[in-house]
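Novice: The structure under discussion is supplied below as structure tokens; questions concerning it will follow.
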Amino acid sequence: MKAFVRGPCPGGWLGRERLLRVLEAKRLDPTLTTTRTFAFDDMERAFQVSDEKLEDVVKVLVTF
């Protein structure tokens with residue numbers, strides 16, 4: 001699984017890489033912290049919803 005992580009992330013790139021490893025190992029369920037899920041093909045809409053804070057979105061999850 002790969003993800004695009006944007007915005008401030010404590011630990012910079014190292015923190016992001018560690019987070020991705022945790023997600024890949026299924027040690028964390030990202031759906032518990034997301035308010036909207038999009039398929040990879042809908043990434044443009046996911047960014048729009050996230051950037052414009054549409055649909056009461058807090059966190060967006062893009063699945064592959």
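Taken together, the values in this text are just the output of simple stated rules run on the coordinates, not laboratory data. Quick caveat, the model's predicted, so the values are computed rather than measured. Cβ sites come from the backbone with ideal geometry, for glycine too, and all protein chains shown count toward neighbours.
Novice: So what J values fall out for the range 16-29 if you push phi through Karplus, 6.51 cos²θ - 1.76 cosθ + 1.60 with θ = phi - 60°, rounded to Hz, Gly and Pro as x?
Specialist: 5, 4, 5, 4, 4, 5, 5, 5, 4, 7, 6, 8, 9, 9
Novice: Further question: Mind giving me the nanometre distance, one decimal, between the label points for GLU52 and ARG16, set 7 Å out from Cα along Cα→Cβ?
Specialist: About 2.5 nm, to one decimal.
Novice: What trypsin sites (Lys or Arg not before Pro) in the range 20-64 are in a loop by DSSP, with at most 14 other Cβ atoms within 10 Å of the Cβ?
Specialist: Listed in order of number, the matching sites are LYS26, ARG27, LYS53, LYS59.
Novice: THR63's amide H: which non-local residues (gap 5+, or another chain) put their own amide H closer than 5 Å, with H modeled 1.01 Å from N in plane and none for Pro or chain starts?
Specialist: Under 5 Å from the amide H of THR63 lie the amide H atoms of PHE38, ALA39, PHE40, each far enough along the sequence or on another chain.
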